[in-house]
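All of the numbers you see were taken from the coordinates with simple rules; none came from a lab. The shown structure was predicted, so the numbers you read here are calculated from the model rather than taken from an experiment. Every residue, glycine as well, gets a Cβ built from its backbone with ideal geometry; the counts of neighbours run over all protein chains shown.
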Amino acid sequence: MAGRRVPLFHRQKQLNRSFAVTFLLFVLLALFGAFMALPLIYTINNAFKPLDELFLFPPRFFVRNPTMDNFYDLVYLIGSSWVPFSRYLSNTILITVLGTAGHVIFASAAAYPLAKYRFPGSKALSTMIVLSLMFTPHVTGIPNYMIMSRLGWIDTHASIIIPAWAFPLGLFLMRQFMEQLPTSLLEAAKMDGASEYRIFWQIVMPNVKPAWLTLIILRLPSLWGSDGGSFIYSENLKTLNYALGQIIQGGIARAGVGAAVGLVLMIVPIVTFIISQSNVIQTMATSGIKD
Amino acid sequence: MRAETVEARAFSPLRLERRFQWSALRREIYRNRHYYILMAPYMIIFFTFTVLPVLASLGISFTYFNMLEPPRFIGWQNYSRLFLNDDVFLIALRNTFYFAIITGPVSYIACFIFAWIINELPPKIRAFMTLVFYAPSISGNVYYIWQIIFSGDKYGYINGILMKLGIILEPIQWLKDERYIMAVLIIVQLWMSLGTSFLAFIAGLQTLDRSLIEAGAVDGIKNRWQELWYIVLPSMRPQLLFGAVMQITSSLAVADISVALAGFPSVNYAGHTIVTHLMDYGSIRFEMGYASAIATVLFVIMLGTNLLTQKLLRKIGG
C-alpha cells in the first residue's frame with residue numbers, strides 16, 4: 001500500500017498541458033516561493049550585518065560586508081548578563097529534548113493498541129482524539145493553570161514538558177501510520193511468546209521510525225520556540241525565545257544580537273525538517289481522516 | 001488492512017450476547033489489560049490537561065470567579081453579558097470570523113495548489129520547494145521580521161520601497177492604522193499557514209495510485225483539470241478532510257501574531273480576536289468565569305465549524 005511511491009511525472013501517459021499554462025504555473029510558484037522565502041533569507045542576512053548596515057536608508061536586503069560581530073556580541077552577552085545567557089539556551093534544550101522524547105514514546109505507546117486492536121473504550125478514545133484536533137489549547141488555558149497550581153507545577157519546567165507529551169496530533173498521526181503494520185508480524189511475535197510490551201518496544205517501534213521523525217518535527221518547533229507562557233516566572237527558568245523578546249526590547253543597541261538569536265531560534269526546526277523530510281512525507285501519506 | 005482476525009476474536013463474546021453484561025465487560029477489560037497499561041501514561045496526561053479542562057471551563061463559565069473567592073454560581077449571566085453588553089467582544093467575534101473566512105479557505109486552497117504544482121517537479125527540486133513553502137510555519141516566532149518589514153517609519157521595507165518609488169511621500173503606519181492592521185495580519189498569517197496540511201497533501205499526491213490515473217486516461221479523461229476533479233481529489237479525500245481540520249482550527253485561533261505585530265490591545269481593537277479577548281480577561285483582569293465563557297464560545301465555534309465542514313466535504317464526490 002505505502003510501497004507505491006512512484007512519482008507522477010515518471011508515468012508514460014502524461015496528459016499534456018499547453019506550454020503557456022505550464023509557464024504560468026511555474027511563474028506563480030517562483031513568485032510565491034520568493035514571498036515565502038524572503039523573510040527567512042532576510043533573517044539570515046540580518047544576523048551577519050554590521051550595525052551600520054542594519055540601519056541603512058533605504059533599507060538594504062542583502063548583507064554587503066558580512067561579519068560575525070553579532071555572534072561575538074551574543075557570546076559576550078552570554079558571559080556578562082545577570083542570568084547567564086547559556087541558562088536560557090540550556091532551559092530551551094531541556095524542554096525541547098524531554099518534551100519531544102516523552103511525546104514520541106507515550107504517543108506511540110497509546111497509538112499501538114488504538115491502531116491494531118478493538119477493546120472496550122477504544123472507539124470512544126479514538127473519537128476523542130480526532131475531536132481534540134479541532135480546537136486549540138487556548139480553550140483550556142484557564143482550568144489548566146488551576147490544575148498546574150494544584151499539582152504544584154507552576155514555575156517548574158514540568159508545566160511545559162509534561163502537557164507536551166499528550167499532544168493529540170502526534171497520537172493521531174502515529175495511530176494512522178501503525179494501522180498499516182502487518183498484523184501477521186504481531187501475531188507471529190505473540191506465537192513466540194513475546195509480551196505486549198516487548199512487541200511494542202521491539203517490533204512496533206523499530207518499524208515506525210518515519211512516524212517518530214514526524215512527531216518530532218511537529219512537536220519540536222513549538223517547544224523550541226516556547227517562551228515559558230504563563231507558567232514560568234523565575235528568570236533562571238526562562239527560555240531562549242523569552243530572552244529574544246528581552247533583547248529586542250533592548251532597542252537599537254541590541255538589534256544585531258537580536259538578529260543572531262533569531263537565527264538560532266529559526267535554524268534548529270528547519271535543519272530538523274531538512275534531515276527528516278522524506279520520512280515525514282511517508283508518514284503524512286497515512287494522515288487522512290477516514291469515513 | 002486492519003487487524004481482522006484479532007478484532008473478530010476480541011469482539012466475539014460481546015457479539016454473541018447482544019445483551020450488555022457487566023461480567024463480560026469486566027472479562028474483556030481484564031483480557032486487554034496490557035493495552036490499557038500501554039495507553040495509561042498518555043491518557044492520564046490527555047485527560048488531565050485536555051478533557052478535564054474543557055469540562056471545567058464549561059462549569060466555570062456559569063460562575064463568577066476571581067481566583068480569590070470561591071466561584072459563585074450566576075447562571076447564564078456571563079453569556080448574556082458577552083453577547084449583549086460587551087461591544088469589544090463583538091468586535092473580536094467579527095474580526096475572528098473575518099480572519100477565518102479569508103485565511104481558512106485561501107490557505108487551504110493554497111496548500112493544495114502548491115502541493116499539486118510542486119508534486120510535478122523532479123525529486124531534488126521538489127524537496128527544496130517543499131522546504132521553502134513549509135519553513136515559515138516551523139521557523140518559530142520569526143514573524144517578528146514582519147515587524148521590520150511593515151515598520152511604521154521610513155526604515156520599514158515596505159515604506160522604504162514605496163517612498164523610493166515615489167508612490168507615497170510619508171511613511172504609512174501599517175501596524176497602527178486601523179485600516180491596514182487586519183490586512184497586514186492576514187498576509188502574515190497566510191505566510192505561515194502552509195503547515196501540516198500542506199505536507200499531508202504532498203504526501204497524498206506522492207502516494208496516489210498510478211493505475212487509477214491510467215485507468216482514467218483509458219476511460220476518456222481529457223485534460224489535467226478533469227483528472228484533478230474526477231481522480232485526484234476523490235482519492236485524496238482522507239487527506240483533504242484532515243487538512244481542513246488543521247486549517248480551520250489554526251485560522252480561528254489567530255492571536256500570537258496579532259499581539260506581536262499589532263500590540264495588545266491593538267489600536268481601537270482593530271486586531272482584536274476572540275483569543276486575545278480571552279487573554280485580556282483571563283490573564284489581565286482575572287475574571288475567570290467570564291473568560292471561561294469566552295473560551296467555551298470559542299470551543300463551540302471551533303468544533304461546530306470543523307464538524308460542519310467535515311460534513312460538507314464528505315458530500316463532495318458522494
Inset, instruction - List the number of the failed condition for residue A:215; all other conditions in (1) in contact with a Leu (Cβ under 8 Å, 6 or more places away or on another chain); (2) within 11 Å of another protein chain (Cβ to nearest Cβ) hold. - result: (2)
Legend entry - Test: residue B:75 is more than 22 Å from residue A:121 (Cβ to Cβ) and away from chain A (no Cβ under 11 Å): yes
Inset, instruction - Would you kindly identify the helices (runs of 4 or more DSSP H) lying entirely within the range A:206-291 that contain at least 2 residues that are free of Cβ contacts under 8 Å to residues at least 12 places away in the same chain? - result: A:240-249, A:255-284
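Restricting to the range B:165-192, what's the tally of residues that are within 31 Å of the chain's Cα centre (by Cα) and not basic (Lys, Arg)? It would help to see each step written out before you state the result.
First, pick out the residues of the range B:165-192 that are within 31 Å of the chain's Cα centre (by Cα): B:173-192.
Then keep just the ones that are not basic (Lys, Arg); that gives B:173-175, B:177-178, B:180-192.
Final tally of qualifying residues: 18.
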Inset, instruction - Being facing another protein chain (nearest Cβ under 9 Å) and among the polar types (S, T, N, Q) is the filter here, so list the residues in the range B:178-196 that pass it. - result: B:196
Legend entry - Wholly within the range A:117-191, helices (runs of 4 or more DSSP H) carrying at least 1 residues that are hydroxyl-bearing (Ser, Thr, Tyr) and facing chain B (nearest Cβ under 7 Å): A:122-132, A:183-191
Inset, instruction - Keeping to the range B:254-293, report how many residues are free of Cβ contacts under 8 Å to residues at least 60 places away in the same chain, among the small types (Gly, Ala, Ser), crowded, with 18+ Cβ neighbours inside 10 Å and assigned to a helix (DSSP H, G or I). - result: 2
Legend entry - Total residues in the range B:211-234, condition more than 24 Å from residue A:19 (Cβ to Cβ) and either in contact with a Phe, Trp or Tyr (Cβ under 8 Å, 6 or more places away or on another chain) or aliphatic (A, V, I, L, M) (or both): 4
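Of everything in the range A:192-205, what is more than 9 Å from chain B (Cβ to nearest Cβ) and either touching an Asp or Glu at 6+ places or on another chain (Cβ under 6 Å) or free of Cβ contacts under 8 Å to residues at least 60 places away in the same chain (or both)? Give them in sequence order. Break it down stepwise before answering.
Keep residues of the range A:192-205 that are more than 9 Å from chain B (Cβ to nearest Cβ), which gives A:192-194, A:198-199, A:201-205.
Within the range A:192-205, A:192, A:193, A:194, A:198, A:199, A:201, A:202, A:203 qualify.
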Inset, instruction - Go through the range B:224-247 and count every residue that is more than 16 Å from residue B:309 (Cα to Cα), within 7 Å of another protein chain (Cβ to nearest Cβ) and crowded, with 19+ Cβ neighbours inside 10 Å. - result: 0
Legend entry - residue B:211, sole failed condition from (1) crowded, with 17+ Cβ neighbours inside 10 Å; (2) among the hydroxyl-bearing types (Ser, Thr, Tyr); (3) without any contact (Cβ under 8 Å) to a residue 60 or more places away in the chain: (1)
Legend entry - Filter pass, residue A:28 being in contact with a Leu (Cβ under 9 Å, 6 or more places away or on another chain), more than 23 Å from residue B:151 (Cβ to Cβ), free of Cβ contacts under 8 Å to residues at least 60 places away in the same chain and assigned to a helix (DSSP H, G or I): no
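Look at residue B:119 and say whether it is over 20 Å from the mean Cα position of the chain (by Cα), within 25 Å of residue B:246 (Cα to Cα) and not basic (Lys, Arg).
Values: over 20 Å from the mean Cα position of the chain (by Cα): yes; within 25 Å of residue B:246 (Cα to Cα): yes; not basic (Lys, Arg): yes.
Judged against the criteria, residue B:119 is a match.
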